[in-house]
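Notes for the one structure printed next.
The values are calculated or read from the model by the stated rules, or taken from the named source; none is laboratory data. From a predicted model like this one, the values you see are computed outputs, not experimental measurements. Cβ placement follows ideal geometry from the backbone for every residue including glycine, while neighbour counts extend to all protein chains displayed. To get the accessible areas, we keep the full protein, side chains included, count just its heavy atoms, and leave off ligands, DNA and RNA. Shrake-Rupley method; radii C 1.70, N 1.55, O 1.52, S 1.80 Å.
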Amino acid sequence: MQYSNICEGKFIKRLNRFSAEVMIEGKKTICHVKNTGRLKELLIEGATVYLEKSGNSMRKTGYSLISVKKGKSIVNIDSQAPNAVFYEALAEKKLILPGFDEIGQIKRESTYGASRFDFYIENTVRKAYIEVKGVTLENDGIAKFPDAPTLRGVKHVYELVKAKEAGFDAYIIFIIQMNNIRYFTPNDETHLEFGEALRYAKKNGVCVKAFECDVKPDFIEINGRECRVLL
């Protein structure tokens, strides 16, 4: 996934879930934050951030905050990126899920039961529902999800179990929006219910996988490295 018109800035403060104040070329600028999560360990005063300049003069803000420098690494925080890079990797066969060496159909935003999942895929013998979660929280090489309680996420996990019981394959894919990760684990400290749901899902046949990404200021792509998942 490629971005255009990228510039560097210094983070000042978050104003609300959707906007922040950033110093760009010596000028305080209000920008759009493309992630409503907490991001407290990333969006700290003085952090180097990377922004995409919009060509749309009708927008309220002229920039979107795309990624943040953390130590020597860059973390992509664009909440739309995980689905985009997963689709790219799946369509280009850079990522192959068990039983899906060949895919006849990839459908985005597919409803099953009371939930709408990110993807539905099928081939001549198998059908599957897939939920994709973006991961931006990391500490000492350990990636965790979620960074805030997610009742919607819990609902999706249990709905995937129902899909599995009905004969579909079911996947929960964590796209880690950075690289050099030791392993992934659910963030029980923040939302134990999600971790419990994830463990229950795995015991009942839902496939849980995590993949890290190569990230640059203007680029993010699944690098093919599957991370260990510890539940």
Toy charge model, Lys and Arg Cβ at +1, Asp and Glu Cβ at -1: segment 80-227 dipole around Cα centroid in debye, rounded to 20, equals 420
re the chain: pairs of Cα atoms spaced beyond 33 Å account for a percent value of 19
Note to self: with every protein chain in place and a 1.4 Å probe, the chain gives an accessible area per residue in Å² of 50
One finds the C-alpha centres of segment 1-60 and segment 80-140 to be spaced, in Å, by 28
Along the dipole axis of segment 1-146 (charges at Cβ: +1 for Lys and Arg, -1 for Asp and Glu; origin at the Cα centre), the most positive-end residue among A81, L65, Y3 is L65
The answer for S54, listing residues at least 5 apart or on another chain whose modeled amide H is closer than 5 Å to its amide H, is Y63, S64
Cα-Cα longer than 29 Å, checked against K133/K164; K40/K94; K107/K203; K10/K144; K162/K209; K28/K72, kept in input order, equals K40/K94
Once T124, T111 are ranked on solvent-accessible area with the largest value leading and a 1.4 Å probe, the list reads T124, T111
Accessible-area order for S19, S4, largest to smallest, probe 1.4 angstrom, reads S4, S19
Per-residue accessible area, 1.4 Å probe, largest first, puts K155, K133 in the order K155, K133
In this structure, the FRET efficiency calculated for V125 and E165 from their beta-carbon separation, with R0 = 22 Å, to the nearest 0.05, is 0.75
Hydrophobic long helices for the chain, i.e. whole DSSP H runs reaching 27 angstrom or more by Cα along the axis with Kyte-Doolittle mean at least 0.0, come out as none
Extension length gain for K10 and K27 (0.36 nm per residue less Cα distance), in nm, is 5.1 nm
With +1 at each Lys and Arg Cβ and -1 at each Asp and Glu Cβ, the charge dipole magnitude of segment 11-163 around its Cα centre, to the nearest 20 debye, comes out at 540
